[in-house]
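The values are calculated or read from the model by the stated rules, or taken from the named source; none is laboratory data. Everything quoted here is computed from the prediction, not taken from an experiment. As a convention, Cβ positions derive from the backbone with ideal geometry for all residues, glycine included, and neighbour counts pool all protein chains shown.
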Amino acid sequence: MVRSPFLGIVGQGTAIALLERAILQDRIAPGYLFVGPAGVGRRLVALAFATELLGGGNLPALHRRIQQRNHPDFLWVEPTYLHQGRPVTVTEAETLGVRRKSPPQVRLEQIRDVARFLSRPPLEATRAVVVIEGAETMAESAANGLLKTLEEPGAATLILLAPDLASLLPTLISRCQAIPFRRLGVADLTTVLQRQGHEALLNQGEILALAQGSPGQAIAAWEQLQGLPEDLLSAIAVLPTSLRQALELARHIAKALDLEAQLWLVDYLQYRHWHQQHNLQVIQALEQARQHLRHFVQPRLVWEVTLMTLVDDLGRARSSG
């Protein structure tokens with residue numbers, strides 16, 4: 001009996017059932033949109049589905065090739081940073097020690113690479129498969145370029161990974177079959193963390209609450225928290241009460257953390273202050289900070305304005321109380 005590459009994937013029975021039915025009925029769509037939060041298995045299911053679509057006699061061996069990105073008819077595209085005029089992946093940026101000043105994105109040149117990849121016939125399989133991770137990071141020019149490919153994919157299937165439908169152009173959504181992915185329940189979350197060797201996280205209530213049913217996000221949050229300098233961790237434990245403290249904390253955050261870590265810090269601070277104080281003003285100010293950071297505003301300025309605003313707001317609240 002041939003072992004299915006979907007075996008062992010936890011908590012995404014609905015998504016897997018939809019894809020297996022498409023395979024059994026030989027009704028493969030030219031485009032799929034895997035919609036759901038990061039860290040719940042979208043990538044694993046995409047790799048397994050690609051294995052089925054490119055399938056041959058030895059599925060386990062083929063699955064290993066797909067996982068290693070070592071198949072001539074399989075292309076994995078992920079958001080990149082620009083470094084010295086060339087795109088580098090998140091992993092490459094970490095290896096190179098690049099200080100990331102803007103979020104990664106899927107770039108127009110990468111979409112052109114997809115078109116070039118699909119312009120030739122498949123070499124080993126009957127079709128080609130392209131997975132685009134972080135599809136929500138595409139600028140409009142890149143999304144429009146992908147639209148042309150989705151309209152005439154040839155002998156190919158494209159799989160887009162995104163957190164929700166609202167983050168993509170409606171024209172892209174209309175050309176893909178949406179496959180829903182859900183957050184994991186407690187039992188499934190426990191299973192995944194144990195398999196990944198992160199059983200200790202099951203005792204970290206704050207991390208689990210922040211992850212909201214995503215084992216991948218739980219692991220990433222723990223790693224981010226462990227990577228924060230101890231003096232910064234102490235400094236963010238409470239909100240600043242003076243403008244001087246606000247400016248010092250803003251300088252500290254901008255100097256110590258790259259942009260991705262700062263964006264995670266926004267999530268962490270929102271969670272902590274909501275559960276400690278249920279102060280909507282703090283949550284809204286931090287959400288505005290997130291938007292400014294994602295739109296390339298100078299990080300230190302963002303934190304200075306955000307923290308000084310909170311000092312003023314909380315000061316007025318104390319006076320009126």
Of the conditions (1) out of contact with any Leu (no Cβ under 9 Å at 6 or more places or on another chain); (2) assigned by TED's automatic domain parsing to the domain that holds THR309; (3) surrounded by 15 or more Cβ atoms within 10 Å (Cβ to Cβ), the single one that ASP231 does not satisfy is (3)
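Quick grid of which residues meet (1) among the aliphatic types (A, V, I, L, M); (2) buried (at least 19 other Cβ atoms within 10 Å of the Cβ); (3) in a helix (DSSP H, G or I):
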{"site": "VAL10", "(1), (2), (3)": "yes, no, no"}
{"site": "ALA15", "(1), (2), (3)": "yes, yes, yes"}
{"site": "ARG21", "(1), (2), (3)": "no, no, yes"}
{"site": "ASP26", "(1), (2), (3)": "no, no, no"}
{"site": "ALA29", "(1), (2), (3)": "yes, no, no"}
{"site": "LEU33", "(1), (2), (3)": "yes, yes, no"}
{"site": "VAL40", "(1), (2), (3)": "yes, yes, no"}
{"site": "ALA48", "(1), (2), (3)": "yes, yes, yes"}
{"site": "THR51", "(1), (2), (3)": "no, yes, yes"}
Selection from region 199-212 of residues of a type outside the set (Asp, Glu) and surrounded by fewer than 19 Cβ atoms within 10 Å (Cβ to Cβ) yields ALA200, LEU202, ASN203, GLN204, GLY205, ALA209, GLN212
Filtering region 71-119 down to residues that are buried (at least 17 other Cβ atoms within 10 Å of the Cβ), assigned to a helix (DSSP H, G or I) and not β-branched (Val, Ile, Thr) yields ALA93, LEU108, GLN110, PHE117, LEU118
By my count, helices (runs of 4 or more DSSP H) wholly in region 161-249 with at least 3 residues that are without any contact (Cβ under 8 Å) to a residue 12 or more places away in the chain are 186-195, 230-235
query = For ALA285, are the conditions met, namely being surrounded by 13 or more Cβ atoms within 10 Å (Cβ to Cβ), among the aliphatic types (A, V, I, L, M) and under 22 Å from the mean Cα position of the chain (by Cα)?
reply = no
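Residue-wise test of (1) crowded, with 19+ Cβ neighbours inside 10 Å; (2) more than 27 Å from ALA220 (Cβ to Cβ); (3) modelled with pLDDT of 95 or more; (4) out of contact with any Ser or Thr (no Cβ under 8 Å at 6 or more places or on another chain).
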position	(1), (2), (3), (4)
ALA128	yes, yes, yes, no
MET138	yes, no, no, yes
LEU147	no, yes, no, no
LEU169	no, yes, no, yes
Checked against (1) more than 30 Å from LEU165 (Cα to Cα); (2) touching a His at 6+ places or on another chain (Cβ under 8 Å), LYS255 satisfies every condition except (2)
State yes or no: is LEU202 hydrophobic (A, V, I, L, M, F, W, C), more than 30 Å from ASP312 (Cβ to Cβ) and touching a Pro at 6+ places or on another chain (Cβ under 7 Å)? no
Per the list (1) on the phi > 0 side of the Ramachandran plot; (2) in contact with a strand residue (DSSP E or B) (Cβ under 7 Å, 6 or more places away or on another chain), residue check on GLY154 breaks on (2)
Within region 120-158, the residues that are assigned to a loop (DSSP other than H, G, I, E, B) and either in contact with a Gly (Cβ under 7 Å, 6 or more places away or on another chain) or within 16 Å of ALA29 (Cα to Cα) (or both) are THR126, ARG127, GLU152, PRO153, GLY154, ALA155
